[in-house]
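To start, the structure under review is shown below, and the notes come after it.
The values are calculated or read from the model by the stated rules, or taken from the named source; none is laboratory data. These numbers were taken from a predicted model, which means no experiment stands behind them. No Cβ is skipped: glycine too gets one built from the backbone with ideal geometry, and neighbour counts run over all protein chains shown.
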Amino acid sequence: MPRLVQVSRSFLALALAGLLAGPAAAYQVTTVSEGGTISGKVEFQGLVPTRKVIPTKDRETCGKIRDEPEVTVDSQKGVQDAVVYLKELTKGKAWQKPAKNPELVNKGCEFVPRVQALPVGTSLVTLNEDPVMHNIHSFSGKSTVFNVALPIKGQKAEKPLKTEGMVRFECDAHGWMRGYVYVADNPYYAVTAKNGTFSLPEVPPGSYTLAAWQEYAGETDIPVTVEANKVAQVTVELKKK
Ligand SMILES: [Cu+2]
């Protein structure tokens, strides 16, 4: 009996220590006086795979059967709509919050924009611009973040993005619809332009892991070192599946 008591006491101590340690340290804003810039390009080599979109209902709004590229690539291999971000960075420049609450529009049975990146805590407005019902279902991995039906054209719903990381949007009414919001835990992130380029300014000098994520290729990590007042040039090659 006394032994059992001892075991449960040490278990309690462990559990308490775990509670006190809490979640990972939150991002801290500091003055970045000698910051450098990470300037780069995300590329995809070779043949771009396609996926078949087969609208099974609401065809007048949702369109016909079509093939869509899995990666949006320009003639110079640049990848549009990749999300790039620095991982495990706890201190640096101030956040640039969006001026108004950003939107995720349902239009033509697609999510517009298809990919965006926003600071954690931002409220996202989902809006239906179609004359058909959409049911927005967002996921973090396999867990639901939120699930909201927008049956009427012009209808909106506002939801806070509390979960850091990639949030995937699907529509329970139209199985092919996909949208992505990267919810950033620090302000060093970007979505690549049409030619695949991006820029992350005001990075405190140091060594980091730069992640480049694309919906088909997934995440590719590369190491990057930033020196004071210099530009670190990087090219991220996305992996094929
Ligand atoms: Cu839908």
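Taking only the stretch 104-139 into account, find how many residues are charged (D, E, K, R) and free of Cβ contacts under 8 Å to residues at least 60 places away in the same chain.
Looking only at that region, the number is 2.
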(message) Exactly one of these conditions fails for residue 172: (1) away from the ligand (no atom under 16 Å from the Cβ); (2) without any contact (Cβ under 8 Å) to a residue 40 or more places away in the chain; (3) over 23 Å from residue 73 (Cα atoms). Give me its number.
(response) (1)
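Would you check if residue 83 is of a type in the set (Val, Ile, Thr) and either touching a helix residue (DSSP H, G or I) at 6+ places or on another chain (Cβ under 9 Å) or free of Cβ contacts under 8 Å to residues at least 40 places away in the same chain (or both)?
Working: of a type in the set (Val, Ile, Thr): yes; either touching a helix residue (DSSP H, G or I) at 6+ places or on another chain (Cβ under 9 Å) or free of Cβ contacts under 8 Å to residues at least 40 places away in the same chain (or both): no.
It is false that residue 83 is of a type in the set (Val, Ile, Thr) and either touching a helix residue (DSSP H, G or I) at 6+ places or on another chain (Cβ under 9 Å) or free of Cβ contacts under 8 Å to residues at least 40 places away in the same chain (or both).
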(request) Kindly establish whether residue 167 is more than 16 Å from the ligand (Cβ to nearest atom), touching a residue at least 60 places away in the same chain (Cβ under 8 Å), part of a strand (DSSP E or B) and farther than 23 Å from residue 132 by Cα. (result) no
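Name every residue in the stretch 127-147 that is part of a strand (DSSP E or B) and more than 12 Å from the ligand (Cβ to nearest atom), in order of residue number.
To start, the set of residues in the stretch 127-147 that are part of a strand (DSSP E or B) comprises 127-128, 134-140, 143-147.
Answer for the stretch 127-147, where residues must be part of a strand (DSSP E or B) and more than 12 Å from the ligand (Cβ to nearest atom): 127, 138, 139, 140, 143, 144, 145, 146, 147.
Scan the stretch 26-60 residue by residue and report those that are surrounded by fewer than 16 Cβ atoms within 10 Å (Cβ to Cβ) and within 16 Å of the ligand (Cβ to nearest atom).
Kept after step one, since they are surrounded by fewer than 16 Cβ atoms within 10 Å (Cβ to Cβ), are these residues of the stretch 26-60: 26, 28-31, 33-34, 39, 45-52, 54, 56-57, 59-60.
Those that are surrounded by fewer than 16 Cβ atoms within 10 Å (Cβ to Cβ) and within 16 Å of the ligand (Cβ to nearest atom): 54, 56, 57, 59, 60.
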(message) If a residue must be at pLDDT 95 or above and either more than 13 Å from the ligand (Cβ to nearest atom) or of a type in the set (A, V, I, L, M) (or both), how many such residues does the stretch 96-119 contain?
(response) 12
(request) Answer with yes or no whether residue 142 is closer than 14 Å to residue 158 by Cα, without any contact (Cβ under 8 Å) to a residue 24 or more places away in the chain and surrounded by fewer than 14 Cβ atoms within 10 Å (Cβ to Cβ). (result) no
(message) I need the full set of residues from the stretch 74-109 which are touching a Gly at 6+ places or on another chain (Cβ under 8 Å), more than 26 Å from residue 203 (Cα to Cα) and not basic (Lys, Arg), in order please.
(response) 74, 76, 104, 108, 109
(message) Just to be sure I understand the filter: pairs with C-beta atoms under 8 Å, separated by 6 or more residues or on different chains, first member in the stretch 42-63 and part of a strand (DSSP E or B), second member within 12 Å of the ligand (Cβ to nearest atom) and among the hydrophobic types (A, V, I, L, M, F, W, C). Which pairs pass?
(response) 53/176
(request) Taking the residues in the stretch 109-161 that are over 13 Å from the mean Cα position of the chain (by Cα) and basic (Lys, Arg) as candidates, determine which candidate is nearest to residue 212 (Cα to Cα). (result) 142
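Going through the stretch 70-96 one residue at a time, which ones are surrounded by 12 or more Cβ atoms within 10 Å (Cβ to Cβ) and closer than 30 Å to residue 156 by Cα?
So in the stretch 70-96, the residues surrounded by 12 or more Cβ atoms within 10 Å (Cβ to Cβ) come out as 70-74, 77-87, 89-93, 95.
Selection gives 70, 71, 72, 80, 81, 82, 83, 84, 85, 95.
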(request) Could you tell me whether any residue of the stretch 69-86 is under 16 Å from the mean Cα position of the chain (by Cα), more than 19 Å from residue 216 (Cβ to Cβ) and away from the ligand (no atom under 16 Å from the Cβ)? (result) yes
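Can you name the residue in the stretch 217-236 that is buried (at least 17 other Cβ atoms within 10 Å of the Cβ) and under 21 Å from the mean Cα position of the chain (by Cα) and, of all such residues, is nearest to residue 88 (Cα to Cα)? Break it down into steps so the answer makes sense when it comes.
So in the stretch 217-236, the residues buried (at least 17 other Cβ atoms within 10 Å of the Cβ) come out as 217, 220, 224, 226, 232, 234, 236.
Narrowing further to those that are under 21 Å from the mean Cα position of the chain (by Cα): 217, 220, 224, 234, 236.
Numbers: 217: 22, 220: 15, 224: 13, 234: 19, 236: 19 Å.
Among residues in the stretch 217-236 that are buried (at least 17 other Cβ atoms within 10 Å of the Cβ) and under 21 Å from the mean Cα position of the chain (by Cα), the one nearest to residue 88 (Cα to Cα) is 224.
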